[in-house]
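First the structure, in the form of structure tokens, and then the observations on it.
The values are calculated or read from the model by the stated rules, or taken from the named source; none is laboratory data. Computed from a predicted model, the values in this text were never measured in an experiment. Please note: Cβ atoms are built from the backbone with ideal geometry, for glycine as well, and neighbour counts cover all protein chains shown.
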């Protein structure tokens, strides 16, 4: 196999759908850069009566399990009214050398329904049991031994999640969640042979089962009222 073809396979890990990337990045920048979002106190947000609609609470979060695995990630989430929330997250890692590679990046969008989180008739955002639907698009390239595994294109993920949010402060939440679903995409297996990336195997992944485990740290940054 020619060197050029092998290196072409290896370089394709940088492909991501531009539309999904732009949406997620714009949402995160909007929350971080808009002054009005953090203008009101979180006490006002958490003291909103449970029956009030049109009340939005914003938060930033990260999955600490992914951070511990050297895959930095950030999420922006909006609690919409009394029971619903929408989140968009982005993960990115680009570590390693020729012998060891640890690379992954992509985005996820998730909508959740919250079953509870009330304390004496007052809604506390991002607390209690919740269930949701999510979809994601990622690329990856991992090589820690003789063989490496990469997605030469986009790997698509969709599924259902269930979790529980705990209040650990006025502005902080700890969110524990798991997700199952379907994943599909092309996977290439390669090895480093005498200084060359040598293609070993290619197959299409069609997987259904557990897809994610999250220990999320959520920081409420303010609220807006419509």
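Observations
- Some residue of segment 93-102 being within 25 Å of residue 163 (Cβ to Cβ) and either at pLDDT 90 or above or in a strand (DSSP E or B) (or both): yes
- Test: residue in segment 156-173 that is at pLDDT 95 or above, crowded, with 20+ Cβ neighbours inside 10 Å and either more than 23 Å from residue 79 (Cβ to Cβ) or touching a helix residue (DSSP H, G or I) at 6+ places or on another chain (Cβ under 6 Å) (or both): yes
- Residue selected from segment 174-190 under the condition surrounded by 17 or more Cβ atoms within 10 Å (Cβ to Cβ) and at pLDDT 95 or above, by the criterion nearest to residue 157 (Cα to Cα): 183
- Residue within segment 113-120 that is loosely packed, with under 13 Cβ neighbours inside 10 Å, assigned to a strand (DSSP E or B) and at pLDDT 95 or above present: yes
- Hits in segment 123-146 (condition: farther than 19 Å from residue 220 by Cβ, assigned to a strand (DSSP E or B) and touching a residue at least 40 places away in the same chain (Cβ under 8 Å)): 134, 137, 138, 139, 140, 141, 142, 143
- Unmet requirement for residue 144, which otherwise passes all of (1) surrounded by 13 or more Cβ atoms within 10 Å (Cβ to Cβ); (2) under 23 Å from residue 199 (Cβ atoms): (1)
- Pairs linking a residue in segment 43-71 that is on the phi > 0 side of the Ramachandran plot and at pLDDT 90 or above to a residue that is surrounded by 13 or more Cβ atoms within 10 Å (Cβ to Cβ) and outside any loop (DSSP other than H, G, I, E, B), with Cβ atoms under 9 Å and 6 or more positions apart or on different chains, are 70/93; 70/102.
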